[in-house]
Every structure is written in structure tokens, then in C-alpha cells.
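Novice: I have a structure I would like to understand better, so I am pasting it below and will then ask my questions one at a time.
Every read-out reported here was derived from the displayed coordinates using simple, explicitly stated rules and does not represent laboratory data. Just so it is clear, the model here is predicted, and its values are computed rather than measured. Glycine also receives a Cβ, built like all others from the backbone with ideal geometry; neighbour counts cover every protein chain displayed.
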Amino acid sequence: MAKLLSLLSLSLLFLFSLSSANPNPNSLLSAHKELETFGFPIGLLPTNVAHYSINRTSGEFSVKLSDKCKLTLPPDNYLATYSKIVRGKIVKNKIAELDGIKVRAMFQWWSITGIRSSGDNLVFEVGMLSAKYPAKNFDASPPCEGLKADS
Ligand SMILES: *[C@@H]1O[C@H](CO)[C@@H](O)[C@H](O)[C@H]1NC(C)=O
């Protein structure tokens, strides 16, 4: 019995060390958490973040998704696409030089070039134009359409 128990705890230990030896320390949770530390809701990034990096001096970041992503943005159900790599420059409450997110509106695809966090709202910038939405629409990280729920 004691042997069985120690075997059991050994294999549990093994399992724990496997899960903590994640080869990808900058994965899902940390990229979304990072958004929050800069004043943005996690719903700006889909669930399939594979890797991300940030230069803390310049704010330049790069988010790599496991695949490009298509989803529907609340509240107006605009179709949006995320490239496999999304880049930009982030400081508190402001993302600039954004590259990799497009939205379909008025029969055209528009690149979102910047996002600002302003009180309870998010302001999406498309070149000189901007659109304001309540940030609460982005409280949850959306899954990509066509992506299996378990992947
Ligand atoms: C981070 O950004 C700073 C300021 O732009 C730059 O000097 C530095 O080389 C960058 N570091 C890396 C690792 O790219």
C-alpha cells in the first residue's frame, strides 16, 4: 500500500513538473493578462494566442496566433480578421501602429490602426476615423470561428 501511494505521488509529481515545464512561458494567459495591465480588456485578443513578446522599453509587441482568425465583433457583429501575427506599440491605454487586425464595414475591409482605452469605452481607430464602443463588450476572449473548442 505504501509503495502504491509513493508510486502514485511520484507520477503526480511527474505530471505537475510536466505542466510547469511549459516550453512556451509567454502563452495564452500572459498575453491576455498583459492587455489588462495596459488598461485593455482581454477580449481584444482571440483565444488562440500561441506566443507573444513585448519590448518593455518601447512598448513594441508581437502576438503570434496558432492560425489566422476570423470572428464577429460585438456589439454590431462586424466581421473581423486577425493575421497570424499581430504587431503594434502599446503604452497605458493606447495601442498604436497596429498591424494585423481588419474589420469589414460598409462593404470594405478596414485595417484597425490603433485602439485607445477611454474610461468605460474603447476607441478603435481606422486611419483618421474612429469608432467608440463600450469596453464591456470585450470582457471575454472570443474563440475564432471554425476553431475547435478544444484546440
Ligand atoms: C527595445 O526598444 C528600445 C527603444 O526603442 C531599443 O533601444 C531596444 O534595442 C529594444 N530592445 C530589443 C530587444 O529589441
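Novice: Which lysines, if any, have their Cα less than 20 Å from the Cα of K33, not counting same-chain residues under 8 positions apart?
Specialist: K64, K84, K89, K92, K94, K136
Novice: Could you run the Karplus curve 6.51 cos²θ - 1.76 cosθ + 1.60 with θ = phi - 60° over the range 131-140 and give me ³J(HN,Hα) per residue in whole Hz, x for Gly and Pro?
Specialist: The phi angles translate into 9, 10, 9, x, 4, 5, 5, 10, 5, 10 Hz.
Novice: May I pose another question? Arrange the peptides 73-80, 43-50 so that the one whose residues have, on average, the most other Cβ atoms within 10 Å appears first.
Specialist: 43-50, 73-80
Novice: Another question about this same structure. Calculate log10 I(q)/I(0) of the range 46-123 for q = 0.11, 0.16, 0.22 Å⁻¹, where I(q) comes from the Debye formula with a single equal point scatterer on each Cα and nothing for solvent.
Specialist: These q points yield log10 I(q)/I(0) values of -0.30, -0.63, -1.14.
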